1. Identify, from the list GLN38, GLN86, GLN98, the residue that is assigned to a loop (DSSP other than H, G, I, E, B) and either free of Cβ contacts under 8 Å to residues at least 40 places away in the same chain or touching a strand residue (DSSP E or B) at 6+ places or on another chain (Cβ under 8 Å) (or both).
2. Just wondering, is there one or more residues in segment 125-142 that are among the β-branched types (Val, Ile, Thr) and either without any contact (Cβ under 8 Å) to a residue 24 or more places away in the chain or outside any helix (DSSP H, G or I) (or both)?
3. Going through segment 45-56 one residue at a time, which ones are out of contact with any Ser or Thr (no Cβ under 7 Å at 6 or more places or on another chain) and in contact (Cβ under 8 Å) with a residue 24 or more places away in the chain?
4. Please give the number of the condition ARG74 fails out of (1) surrounded by 12 or more Cβ atoms within 10 Å (Cβ to Cβ); (2) more than 24 Å from the chain's Cα centre (by Cα).
5. Report, ordered by the first and then the second residue, all pairs with beta carbons closer than 9 Å, sequence separation of six or more or different chains, a first member in segment 150-161 that is part of a helix (DSSP H, G or I) and at pLDDT 85 or above, and a second member that is loosely packed, with under 14 Cβ neighbours inside 10 Å and not hydroxyl-bearing (Ser, Thr, Tyr).
6. Please specify each residue of segment 124-169 satisfying the condition of being of a type in the set (Val, Ile, Thr) and either out of contact with any Phe, Trp or Tyr (no Cβ under 6 Å at 6 or more places or on another chain) or surrounded by fewer than 16 Cβ atoms within 10 Å (Cβ to Cβ) (or both).
7. Please specify each residue of segment 82-97 satisfying the condition of being under 27 Å from ASP42 (Cβ atoms) and either basic (Lys, Arg) or loosely packed, with under 12 Cβ neighbours inside 10 Å (or both).
Amino acid sequence: MKSCVLCVALLLASATAHAQPAAQQQPPPPGLAAGEVQKLLDAYALVQAQDFLNLNDAQFNAFLPKLRVLQETRRRNEQERMRLVQELRRMTNGRGGQFPENDLRDRLRALRELETRAGGEIQRAVDGIDQTLDVRQQARFRVFEQEIEQRKLQLLMRARQQNRANRGQ
């Protein structure tokens with residue numbers, strides 16, 4: 001049942017994306033969890049990629065799983081980074097007690113290692129995508145990623161504004 005709801009939401013997201021220019025898109029409905037919103041945004045990127053990059057069906061079939069790997073790699077590493085930063089926040093909070101400098105160094109070292117490892121994982125995922133694209137499409141993919149990020153931020157800002165407006169009523 002949940003997968004049916006997700007499929008319907010993805011279809012609605014893609015229909016909405018094609019029907020409205022990016023600047024006029026509506027924010028996601030209230031009550032969606034952050035993970036659900038992220039899945040919708042990822043699905044939106046998948047739908048838009050084929051048109052933006054002018055991929056034929058064979059290219060798209062090869063491109064799709066590699067884009068999903070990139071999305072998952074970024075998400076997994078960002079979650080781990082946020083967890084480590086949260087630990088540092090807790091450890092350095094004035095009321096949180098005093099933690100030995102060695103513990104702080106260990107957490108900072110873990111963060112540096114994660115950032116290094118994540119950079120390599122993301123580069124390998126992008127290299128995998130590049131193998132499915134010609135040079136022009138590779139360049140368009142870089143532009144596409146930037147535009148998708150801007151659209152995500154716009155949607156999130158609109159959702160926050162709408163939430164503030166709804167609280168004010």
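1. From the options GLN38, GLN86, GLN98, the qualifying one is GLN98.
2. Yes.
3. Hits for segment 45-56 are ALA45, GLN48, ALA49, PHE52, LEU53, ASN54, LEU55.
4. Status for ARG74: all satisfied but (2).
5. Correct list of pairs: GLN150/ALA22; ARG151/ALA22; GLN154/ALA22; GLN154/ALA23; ARG158/GLN26.
6. The first filter runs over segment 124-169 and keeps only residues of a type in the set (Val, Ile, Thr), leaving 126, 129, 132, 135, 143, 148.
Passing the criteria: VAL126, ILE129, VAL135, VAL143, ILE148.
7. MET82, ARG83, GLN86, listed by residue number.
Residues checked against (1) modelled with pLDDT of 85 or more; (2) closer than 29 Å to LEU156 by Cα; (3) of a type outside the set (Ser, Thr, Tyr); (4) surrounded by 17 or more Cβ atoms within 10 Å (Cβ to Cβ):
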{"residue": "ASP42", "(1), (2), (3), (4)": "yes, yes, yes, yes"}
{"residue": "ALA45", "(1), (2), (3), (4)": "yes, yes, yes, yes"}
{"residue": "GLN48", "(1), (2), (3), (4)": "yes, yes, yes, yes"}
{"residue": "LYS66", "(1), (2), (3), (4)": "yes, yes, yes, yes"}
{"residue": "GLU80", "(1), (2), (3), (4)": "yes, yes, yes, no"}
{"residue": "PHE99", "(1), (2), (3), (4)": "no, no, yes, no"}
{"residue": "ALA110", "(1), (2), (3), (4)": "yes, no, yes, no"}
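The values are calculated or read from the model by the stated rules, or taken from the named source; none is laboratory data. If you're wondering where the values come from, they're calculated on a predicted model, not measured in any experiment. As a convention, Cβ positions derive from the backbone with ideal geometry for all residues, glycine included, and neighbour counts pool all protein chains shown.
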